[in-house]
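This report concerns only the one structure given below.
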Amino acid sequence: MKILVTDQMGAEHELEGLEGWRVMEVIRDWGLNIKAECGGACSCATCHVFVAEEWLDRLSPRTDEEEDMLDTVPDVRETSRLSCQILMSEAIDGLAVTLAPSAA
Ligand code: FES
């Protein structure tokens, strides 16, 4: 399955990942500009992405922990998510996200 990622320079990348992988892991493993300092533990917010509006409803809602971490980033938006908290699945095959400046 695939995700479509726009990086901080505006370049688009179509990335392959497997069911159950974290979206953050796919982005990191393909070498894009994402720090993901805590490795997916929901405690750094350096995996911050903006989700394309049409995909927002298909994701499970933010947890309290995710909300708390997003409160710490300067560029948070309505569409902000932590990409380590989104798991790849059929339901979101083709998910489109943009890497936030604060993820770099
Ligand atoms: Fe640290 Fe996602 S990798 S919160």
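For the stretch 45-66, name all the residues that are within 14 Å of the ligand (Cβ to nearest atom) and either touching an Asp or Glu at 6+ places or on another chain (Cβ under 7 Å) or of a type in the set (S, T, N, Q) (or both).
Thr46, Thr63, listed by residue number.
Ile34: closer than 17 Å to Ala104 by Cβ, among the β-branched types (Val, Ile, Thr) and either over 14 Å from the mean Cα position of the chain (by Cα) or within 16 Å of the ligand (Cβ to nearest atom) (or both), yes or no?
When the stated conditions are applied, Ile34 passes them.
Given the structure, is Ser89 modelled with pLDDT under 95, more than 9 Å from the ligand (Cβ to nearest atom) and surrounded by fewer than 18 Cβ atoms within 10 Å (Cβ to Cβ)?
no
Report, by residue number, each residue of the stretch 25-74 that is surrounded by 15 or more Cβ atoms within 10 Å (Cβ to Cβ), among the acidic types (Asp, Glu) and without any contact (Cβ under 8 Å) to a residue 24 or more places away in the chain.
Within the stretch 25-74, no residue meets the criteria.
Kindly check whether there is at least one residue in the stretch 9-24 that is at positive phi, surrounded by 13 or more Cβ atoms within 10 Å (Cβ to Cβ), in contact with a strand residue (DSSP E or B) (Cβ under 9 Å, 6 or more places away or on another chain) and not polar (S, T, N, Q).
No, the stretch 9-24 has no match at all.
It is to be established whether one or more residues within the stretch 8-22 are part of a helix (DSSP H, G or I), without any contact (Cβ under 8 Å) to a residue 24 or more places away in the chain and more than 13 Å from the ligand (Cβ to nearest atom).
Checking the stretch 8-22: not a single residue is part of a helix (DSSP H, G or I), without any contact (Cβ under 8 Å) to a residue 24 or more places away in the chain and more than 13 Å from the ligand (Cβ to nearest atom).
Kindly indicate whether Thr79 is within 13 Å of the ligand (Cβ to nearest atom), without any contact (Cβ under 8 Å) to a residue 60 or more places away in the chain and among the hydroxyl-bearing types (Ser, Thr, Tyr).
Here the answer is no, as Thr79 does not meet what is asked.
The values are calculated or read from the model by the stated rules, or taken from the named source; none is laboratory data. Bear in mind that the values here come from a model prediction, so they are computed numbers and not experimental data. We place every Cβ from the backbone using ideal geometry, glycine too, and count neighbours over all the protein chains shown.
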